[in-house]
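Colleague: Pasting in a structure now, in structure tokens, and then I'll have a few things to ask.
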Amino acid sequence: MSRVELYERTAPSFAATLAQRGHHVVYRNNASNHCPGCGRSHWYIGRITAECGFCGTAVPLAEARGDYRNTENSLAKTGRSPEQRRSPRTPAHGRKLQLLIEGSPVSFALHNVSEGGVMGEDVAGLFPGATVSVRLEDGSLSPAVVKWAEDGLVGLAFTAPN
């Protein structure tokens, strides 16, 4: 059985503004979305993009806010600039610490460290608000709280001075 698709022309005012602003392909929730690559409509939806289930074409979500996990935007959420951080970050790639989650030790790969906390690769079972203990390289334990966990990373804030 063959399939026939009908398309109708859009209003002239929309077409005129499209020529001025350019064409932006986006995935819209609660709308029929066809892939610009293959024309099919099976999608895998993420937080900021949708990917065609057949050809893999990715398009941004129309509803995505655009504050992707980078330093400037993550600091904008807190209202601080990099110069206003409470303590400077030191890169720590390749270093590992140990987290105690409900008393069980788990290896924790660091990305950066500061006097106020650490950022590293996400560990299963961590969620914002969870409390953990961080075993520092000198063997001491420092209590911490999970501030955020997304995109495979987690941010921990120390709750007691080191």
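Every residue, every condition in (1) touching a strand residue (DSSP E or B) at 6+ places or on another chain (Cβ under 9 Å); (2) in contact (Cβ under 8 Å) with a residue 40 or more places away in the chain, yes or no:
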position	(1), (2)
Ser87	yes, no
Ser104	no, no
Ser114	yes, no
Glu137	yes, yes
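Colleague: For Gln20, all conditions in the list (1) in a loop (DSSP other than H, G, I, E, B); (2) exposed (fewer than 10 other Cβ atoms within 10 Å of the Cβ); (3) modelled with pLDDT of 60 or more hold save one; what is the number of the exception?
Modeller: Every listed condition holds for Gln20 apart from (1).
Colleague: Of all residues in region 50-88, count the ones that are at pLDDT below 80 and not in a helix (DSSP H, G or I). Quick ask: steps written out before the conclusion?
Modeller: Let us first name the residues in region 50-88 that are at pLDDT below 80, namely 63-88.
Applying the additional criterion that residues be not in a helix (DSSP H, G or I) yields 63-70, 79-81, 85-88.
Result for region 50-88: 15.
Colleague: Here is a further query. Any idea which residue in region 121-162 is modelled with the lowest pLDDT, counting only those that are in a loop (DSSP other than H, G, I, E, B) and either touching an Asp or Glu at 6+ places or on another chain (Cβ under 6 Å) or among the polar types (S, T, N, Q) (or both)?
Modeller: Asn162
Colleague: Pull up region 116-128, narrow it to residues that are hydrophobic (A, V, I, L, M, F, W, C) and loosely packed, with under 15 Cβ neighbours inside 10 Å, then point me to the one that is farthest from Val106 (Cα to Cα).
Modeller: Among them, the one singled out is Phe127.
Colleague: Please go through region 129-145 and give me each residue that is surrounded by 15 or more Cβ atoms within 10 Å (Cβ to Cβ) and either more than 15 Å from His111 (Cα to Cα) or among the basic types (Lys, Arg) (or both), ordered by number.
Modeller: Ala130, Val132, Ser133, Arg135, Ser142, Ala144, Val145
The values are calculated or read from the model by the stated rules, or taken from the named source; none is laboratory data. Keep in mind the model is a prediction, meaning the values are calculated, not measured. We place every Cβ from the backbone using ideal geometry, glycine too, and count neighbours over all the protein chains shown.
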